[in-house]
Amino acid sequence: MRVTITVNGEERVGEVEARHLLVRFLRDDLGLTGTHWGCDTSNCGTCVVLLDGEPVKSCTVLAAMASGHAVRTVEGLEGAAGLDPVQQGFIEEHGLQCGFCTPGMMLTARALLDKNPDPSEQEIREAISGQLCRCTGYLNIVRAVRWAAEHPAVGAVDANVTAGSTP
Amino acid sequence: MTAVEETVPAPAPEERPIGFGRLKRKEDPRFVRGKGHYVDDVQLPGMLHGAVLRSPYAHARILSIDTTAAQAHPKVKAVITGATLEGLGLAWMPTLSMDTQAVLATDKVRFQGQEVAFVVAEDHYAARDAVELIDVEYEPLPPVIDARRALDPDTPVIRDDQEGRTDNHIFDWEAGDKAATDAVFAGADVVVSQEMLYPRVHPAPLETCGCVAWMEPIDGKLTLWCTTQAPHAHRTLYALVAGLPEHKIRVIAADIGGGFGNKVGIYPGYVCAVVGSIVTGKPVKWVEDRSENLMSTSFARDYHMRGEIAATADGRILAVRVKVLADHGAFNSTAQPTKYPAGFFHIFTGSYDLEAAHCEVTGVYTNKAPGGVAYACSFRVTEAVYLIERMVDCLAAELGADPAELRMKNLIRPEQFPYQNKTGWEYDSGDYPTCLRKAMDIAGYEELRREQAEKRARGELMGIGLSFFTETVGAGPRKHMDILGLGMADGCELRVHPTGKAVVRISVQTQGQGHETTFAQIIAEELGIPPEDVDVVHGDTDQTPFGLGTYGSRSTPVSGAAAAVVARKVRDKARIIAGAMLEVSPEDLEWEKGRWFVKGDPGMGKTIQEIALAAHGSLELPEGVEGHLEATTVYNPPNLTYPFGAYICVVDVDPGTGVVKVRRFIAVDDCGTRINPMIIEGQVHGGLADGVGMALMELISFDEDGNCLSGSFMDYLLPSALEVPAWELGHTVTPSPHHPIGAKGIGESATVGSPPAVVNAVLDAIGVRHADMPLTPGRVWQAMHGGVEAPQ
């Protein structure tokens, strides 16, 4: 079947099997390998992308379900003016080690900050609680998100790719 | 910033250090952009995809395998079974413990999830579909699930593939002096004993195991992109196992999404992918799914332990003895130095000055997945630390002593180092009392005890748990330590280019530890070349010197030492060249970071960059001195290193439900010289979360038929950000006297040290002597009610 998905602001079209998962469409068909895969049961969250601005686990979203919608992946975080504050925050606060959970964590953080620019530690922990990290013990991820909250001017966020649903 | 605080405040922004200090990671710019290079990211033209058919039974005889329907699938390129592999002599492979393991089962399946057949197809979905089309006829056999029954006379023999075998016994091993220990016990005022299980857990890195195998049909070169923590050891093993010429094998491990010991061994899927590539003439990718990872790859622990501790009436610990029954699963594939079938468990004497100690370990086969040494365990120091730190708390309970005071009273004193323990280890350095005192100060220990007393009076359950651990890491001295005959020394090569930029090639393999940063810092510290000017090459056997890889916290103690030594070799050569440049004797030169200068005339000197250029130029060099500025080394550690730490955990337990809330966790670590404190803290944070997970949540369990009940992240529970607190860290620095830069390794300290602190805290809260991990709400409730099962 034919799917049309706006990925990081660009319309992408694909012919896919009905069972094709969004995570595999992004990785295998579009070559956007920054979105990872870790469990297939929606528990680990390494596959989180933003679907119309909301974090979703792309291992349990069919590519067909995303057709007609806007998807934002880690490759779409960096803007023309540089890294997203969330990306910079992860570097500043050592919010990553092996880097495998990082794209999903950053996208959830971006969605959180878009709704709540000044989240508390507890709000950050709740926001990322559907995702696992085996390396950092989470504290530096929390600090990274706080760093981003405190440095909103760093980098640039492209409104076109964070905007809500497309037709 | 809000409530996120550490006891040690973050330092003020500072200049980028040329050498040791807080330095942001060189790895991060690619990771935050989603541009890492993980195995599953590899896409090659014409690449095929593999999938494994696995056994539904824990123990069954294979009567027949029919692959007709799978082979008829239009997208299937090959179906490989044990019979196929038998024809190639590859149906069985050696394990890291000198046992054998089935690559694909031929006679029997011996655990649920064991590899039975391998399908190669045009795409991932087709490979999975075709796996379902393979028809295997099994004759189920009674499984051996409980290790405590494995040696019973009527128990089925699991490894009847081994000629003459009549039981499930693998090994008996002991350490220490049994007679001396028994004598001390016989005369002791107080003896406390306790049975405990360190249950089976799993490292569960977020990236599962996988590979892409590409056997070039024309030149016969195998390139294997693989999730391996030990690329060189893997290359050699493929040469030995498959008879492939070693110079025609290239193992590439670019970025790895966490390892924790899960990615040390060679798994059947890797071998099948290689065979798949040979058979089809195409690259073959195989990446396991999460269930395959949890059910078939290397688990950790599964130690049934009986500990005994002997002491005087006033709390002087005299001796410890331990009996262990070790469940190794269906194949003995644990990864540890050959001489040590129980890993380094015999460091169970911990941080205490004992008169005697003895342990006996018996290893057995069961119908469960193989493995045992994994999950940041430092070759079973996890089990050892858990044993001794639980026993000390049991003794404290028996004596009515404060657990902190009891520990303080028995710690090895600073003046006793180097300390010979009673089971054969020589602890290199330490100041244990200072470390414990520091943790107690950060925690506000006395105040916590007062708060606990007040809460108890109100019926609230608050617990304070301690652990003091000593690690033994950095395996190891070649004369004592090898894996499958490969000595545990590591090479390093350093080349300074004409313009003073450098490339260092290392044998160890980062899985998130930040080697690209810390190894550049070691070179920078030794040579004064800024870290950003040092490229660290790793993860490619064609590009790096031989070495045994990263596990057991060995990167810094072994390979980090190699990097320092090789930099010093370059510095020595630079001295000769600088002497020629300045027309003085090299002996008249003095080093300061980054330059050689004339003693007494600091203005007269040459920077390392100037020397590098001259080394590649036309400068006349002294007789016998070759040009260029480079060196190689192989580092054979003289001893292991002994990181240590004091941990304090504070929990609140809900009396109605048994739910444990970890309120605070204080960790004071001593890893000797600190290369990059930011990375050290990150390593500790991650290990502490592991400890909370193991203590409270994580368990690989089986039903009586051998069905694995923990085959997904819905059943194998890992801590999220909501289950762990904001860690409070401190540190002391006691350099290792035998390591070139005094560093000891930190990667596994917190995973090793934290579980007993959490367990001790929970048991302190509920006033129970012992309960086994994981302390789930149900188990805590049960322990609180004298063993009565919690209501559902």
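The values are calculated or read from the model by the stated rules, or taken from the named source; none is laboratory data. Just so you know, these numbers come straight off a predicted model, no measurement behind them. Note that each Cβ is placed from the backbone with ideal geometry, even for glycine, and that neighbours are counted across all protein chains shown.
Just give me the residues in region B:727-741 being more than 9 Å from chain A (Cβ to nearest Cβ) and either on the phi > 0 side of the Ramachandran plot or not in a strand (DSSP E or B) (or both), in sequence order.
Hits for region B:727-741 are B:Thr732, B:Val733, B:Thr734, B:Pro735, B:Ser736, B:Pro737, B:His738, B:His739, B:Pro740, B:Ile741.
Out of (1) closer than 30 Å to B:Gly687 by Cβ; (2) in contact with a Ser or Thr (Cβ under 6 Å, 6 or more places away or on another chain), what's the single condition that is false for B:Val558?
Result: B:Val558 fails condition (2) only.
Between residues in region B:501-514 that are under 21 Å from B:His685 (Cα atoms) and without any contact (Cβ under 8 Å) to a residue 12 or more places away in the chain and residues that are of a type in the set (Phe, Trp, Tyr) and crowded, with 24+ Cβ neighbours inside 10 Å, which pairs lie under 9 Å by C-beta distance while being six or more apart or on different chains?
none
With the requirement that a residue be modelled with pLDDT of 95 or more and touching a Leu at 6+ places or on another chain (Cβ under 8 Å), what does region B:236-260 give you?
B:Thr236, B:Lys248, B:Ile249, B:Arg250, B:Val251, B:Ile252, B:Gly257, B:Gly258
Consider B:Glu86 carefully, then state whether it is free of Cβ contacts under 8 Å to residues at least 24 places away in the same chain and over 29 Å from the mean Cα position of the chain (by Cα).
When the stated conditions are applied, B:Glu86 passes them.
What are the residues in region A:8-45 that are of a type in the set (A, V, I, L, M, F, W, C), buried (at least 16 other Cβ atoms within 10 Å of the Cβ) and out of contact with any helix residue (DSSP H, G or I) (no Cβ under 7 Å at 6 or more places or on another chain), if any?
Listed by number, the residues that qualify are A:Leu30, A:Cys44.
For region B:671-682, state whether one or more residues are away from chain A (no Cβ under 14 Å), closer than 25 Å to B:Val780 by Cα and either touching a Gly at 6+ places or on another chain (Cβ under 7 Å) or in a strand (DSSP E or B) (or both).
No: region B:671-682 contains no residue that is away from chain A (no Cβ under 14 Å), closer than 25 Å to B:Val780 by Cα and either touching a Gly at 6+ places or on another chain (Cβ under 7 Å) or in a strand (DSSP E or B) (or both).
Each row is one residue, and each column tells you yes or no for (1) assigned to a loop (DSSP other than H, G, I, E, B); (2) touching a residue at least 24 places away in the same chain (Cβ under 8 Å); (3) closer than 29 Å to B:Arg380 by Cα.
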| residue | (1), (2), (3) |
| --- | --- |
| B:Ala562 | no, yes, yes |
| B:Ala580 | no, yes, no |
| B:Glu587 | no, no, no |
| B:Trp596 | no, no, no |
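If B:Asp182 satisfies all but one of (1) under 29 Å from B:Asp99 (Cα atoms); (2) among the charged types (D, E, K, R); (3) touching a residue at least 60 places away in the same chain (Cβ under 8 Å), what's the number of the condition it fails?
(1)
B:Tyr647 versus (1) touching a Ser or Thr at 6+ places or on another chain (Cβ under 6 Å); (2) part of a loop (DSSP other than H, G, I, E, B); (3) hydroxyl-bearing (Ser, Thr, Tyr): which is the lone unmet condition?
Failed condition: (2).
From the list B:Asp542, B:Asp533, B:Asp572, which one is of a type in the set (Asp, Glu) and within 27 Å of B:Leu222 (Cβ to Cβ)?
Unique residue meeting the criteria: B:Asp542.
Pick out the one residue from B:Ala457, B:Ala475 that is small (Gly, Ala, Ser) and in contact (Cβ under 8 Å) with a residue 24 or more places away in the chain.
B:Ala475
Filter region B:742-771 down to residues that are in a loop (DSSP other than H, G, I, E, B) and closer than 28 Å to B:Tyr642 by Cβ, then give me how many there are.
7
Give all pairs with beta carbons closer than 8 Å in which a residue from region B:724-740 that is free of Cβ contacts under 8 Å to residues at least 12 places away in the same chain meets a residue that is buried (at least 20 other Cβ atoms within 10 Å of the Cβ) and not in a loop (DSSP other than H, G, I, E, B); count only pairs at least 6 apart in sequence or on separate chains.
Going by the 8 Å Cβ cut-off, there are no qualifying pairs.
Name the residues in region B:536-560 that are touching a helix residue (DSSP H, G or I) at 6+ places or on another chain (Cβ under 8 Å) and in a strand (DSSP E or B), would you?
Matches in region B:536-560: B:Val536, B:Asp540.
Conditions tested, residue by residue: (1) surrounded by fewer than 20 Cβ atoms within 10 Å (Cβ to Cβ); (2) closer than 24 Å to A:Arg19 by Cβ; (3) in contact with a Ser or Thr (Cβ under 9 Å, 6 or more places away or on another chain); (4) charged (D, E, K, R).
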residue	(1), (2), (3), (4)
B:Gly87	yes, no, no, no
B:Ala105	no, no, yes, no
B:Phe118	no, yes, yes, no
B:Glu132	yes, yes, no, yes
B:Arg148	yes, no, no, yes
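Out of everything in region B:683-721 that is of a type in the set (Phe, Trp, Tyr) and part of a loop (DSSP other than H, G, I, E, B), what residue ends up being surrounded by the most Cβ atoms within 10 Å (Cβ to Cβ)?
B:Tyr716
What's the number of the condition B:Ile675 fails, among (1) within 30 Å of B:Gly463 (Cα to Cα); (2) in contact with a helix residue (DSSP H, G or I) (Cβ under 6 Å, 6 or more places away or on another chain); (3) of a type outside the set (Lys, Arg)?
The number of the failed condition is (1).
Considering region B:11-23 alone, what residues qualify as being surrounded by 17 or more Cβ atoms within 10 Å (Cβ to Cβ) and either within 13 Å of chain A (Cβ to nearest Cβ) or modelled with pLDDT of 95 or more (or both)?
Passing the criteria: B:Gly19, B:Phe20, B:Gly21, B:Arg22, B:Leu23.
What number of residues within region A:29-76 satisfy the criterion of being of a type in the set (D, E, K, R) and under 19 Å from B:Arg290 (Cα atoms)?
Matching residues across region A:29-76 total 2.
Please work out if B:Tyr716 is of a type in the set (Phe, Trp, Tyr) and closer than 30 Å to B:Gly476 by Cα.
no
With the requirement that a residue be farther than 30 Å from B:Gly424 by Cα, in a strand (DSSP E or B) and of a type outside the set (Val, Ile, Thr), what does region B:125-179 give you?
B:Asp135, B:Glu137, B:Tyr138, B:Glu139, B:Pro140
Of these, B:Val759, B:Val768, B:Val733, which one is surrounded by 24 or more Cβ atoms within 10 Å (Cβ to Cβ) and either modelled with pLDDT of 95 or more or in contact with a Cys (Cβ under 9 Å, 6 or more places away or on another chain) (or both)?
Working: B:Val768 fails: surrounded by 24 or more Cβ atoms within 10 Å (Cβ to Cβ); B:Val733 fails: surrounded by 24 or more Cβ atoms within 10 Å (Cβ to Cβ).
Matching residue, one of B:Val759, B:Val768, B:Val733: B:Val759.
Could you grab me the full set of residues in region B:463-481 that are of a type in the set (A, V, I, L, M) and assigned to a strand (DSSP E or B)?
Going through region B:463-481, the residues of a type in the set (A, V, I, L, M) turn out to be B:464, B:466, B:473, B:475, B:481.
Passing the criteria: B:Ile464, B:Leu466, B:Val473.
Given B:Ala765, B:Ala771, which one is hydrophobic (A, V, I, L, M, F, W, C), touching a residue at least 24 places away in the same chain (Cβ under 8 Å) and closer than 29 Å to B:Asp302 by Cβ?
From the options B:Ala765, B:Ala771, the qualifying one is B:Ala765.
Which residue, of B:Glu360, B:Glu389, is out of contact with any Cys (no Cβ under 8 Å at 6 or more places or on another chain), assigned to a strand (DSSP E or B) and either closer than 30 Å to B:Ala300 by Cβ or of a type in the set (S, T, N, Q) (or both)?
Values: B:Glu389 fails: assigned to a strand (DSSP E or B).
After ruling out the rest, the residue left standing is B:Glu360.
Which of (1) within 14 Å of chain A (Cβ to nearest Cβ); (2) in a loop (DSSP other than H, G, I, E, B); (3) under 30 Å from B:Pro370 (Cβ atoms) is the odd one out, the single condition B:Val724 does not satisfy?
Of (1) within 14 Å of chain A (Cβ to nearest Cβ); (2) in a loop (DSSP other than H, G, I, E, B); (3) under 30 Å from B:Pro370 (Cβ atoms), only one is false for B:Val724: (3).
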